[in-house]
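The values are calculated or read from the model by the stated rules, or taken from the named source; none is laboratory data. A quick note: this is a predicted structure, and the numbers were derived from the prediction, not measured. Glycine also receives a Cβ, built like all others from the backbone with ideal geometry; neighbour counts cover every protein chain displayed.
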Amino acid sequence: KNEVEQSPQNLTAQEGEFITINCSYSVGISALHWLQQHPGGGIVSLFMLSSGKKKHGRLIATINIQEKHSSLHITASHPRDSAVYICAVSPNTGNQFYFGTGTSLTVIP
Amino acid sequence: KAGVTQTPRYLIKTRGQQVTLSCSPISGHRSVSWYQQTPGQGLQFLFEYFSETQRNKGNFPGRFSGRQFSNSRSEMNVSTLELGDSALYLCASSTFRLVNEQFFGPGTRLTVL
């Protein structure tokens, strides 16, 4: 049983396209995190959400607590956005940290 | 502020050996978490330390252990290494709680032969 499900697993887009990555979870949470991992392994935290919507540059993250669903949007995608995007949740029991399997994004010039 | 540092960056061991990995958190961060990443299982939570105490633990065997020192630096130990322990081991620090924003180190790539 996976507490966090992500879709799609792989995504290829043309430069400039609008991209959406989805995340669904099955546990009650304190927060949801969107992470970015580039080849070589380094992980960067993009967003931490407990409600509503956050925006940072061309990236937008939304969460619907009632539906247990979050989306990460990238507007005007660029080849440098090519990376693996990972959704993770902190359950409100506070004793674990669950990850989705990641979405591998490739943006073609 | 310096970021999270991990040493060593790469390590090759043989089955049955033990290994110790080190993580230095961002200055002022008191929570350190450890994660294992493999192609088959993805990212999995190992454990979290705060103020020298293990607060949370994932579903890993007792061969995986850790500790945190008074300066918040943390070490992770894996005893009796198995081939399946080959992975990228990441640590992350945060200011207080696991739910807070996590800042990740570059990872230690462990290969078990």
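Laid out as a table, the results:
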item	result
Residue count, the range B:85-94 (criterion: away from chain A (no Cβ under 12 Å) and modelled with pLDDT under 95)	0
Qualifying residue in the range B:51-73 (condition: touching a residue at least 40 places away in the same chain (Cβ under 8 Å) and closer than 18 Å to B:THR7 by Cβ)	yes
Selection within the range A:69-95 - outside any strand (DSSP E or B) and surrounded by fewer than 18 Cβ atoms within 10 Å (Cβ to Cβ)	A:THR75, A:ALA76, A:HIS78, A:PRO79, A:ARG80, A:SER82, A:ASN92, A:THR93, A:GLY94, A:ASN95
Residues satisfying the stated conditions in the range A:31-53, i.e. under 19 Å from A:GLU67 (Cα atoms), surrounded by fewer than 16 Cβ atoms within 10 Å (Cβ to Cβ) and at the interface with chain B (Cβ under 9 Å from one of its Cβ atoms)	A:SER50
Count of residues meeting criterion [within 16 Å of B:ASN100 (Cβ to Cβ) and either of a type in the set (Gly, Ala, Ser) or touching a helix residue (DSSP H, G or I) at 6+ places or on another chain (Cβ under 9 Å) (or both)] in the range B:27-73	6
Yes/no for A:VAL107 being aliphatic (A, V, I, L, M) and crowded, with 20+ Cβ neighbours inside 10 Å	yes
Residues located in the range B:19-59, provided they are at the interface with another protein chain (Cβ under 9 Å from one of its Cβ atoms) and assigned to a strand (DSSP E or B)	B:SER33, B:TYR35, B:GLN37, B:GLY42, B:LEU43, B:GLN44, B:PHE45, B:GLU48, B:ARG55, B:ASN56, B:LYS57
Of all residues making up the range B:60-77, the number that are over 10 Å from the mean Cα position of the chain (by Cα), of a type outside the set (Lys, Arg) and either under 25 Å from A:HIS33 (Cα atoms) or not in a loop (DSSP other than H, G, I, E, B) (or both)	3
Residue that is farthest from the other protein chains (Cβ to nearest Cβ) [pool: residues in the range A:68-96 that are touching a Ser or Thr at 6+ places or on another chain (Cβ under 6 Å) and under 15 Å from B:LEU43 (Cα atoms)]	A:TYR85
Residue selected from the range A:1-30 under the condition free of Cβ contacts under 8 Å to residues at least 60 places away in the same chain and part of a loop (DSSP other than H, G, I, E, B), by the criterion farthest from the other protein chains (Cβ to nearest Cβ)	A:PHE18
Exclusive hit being away from chain B (no Cβ under 14 Å), over 18 Å from B:GLU101 (Cβ atoms) and among the β-branched types (Val, Ile, Thr), set A:THR106, A:THR62, A:THR101	A:THR106
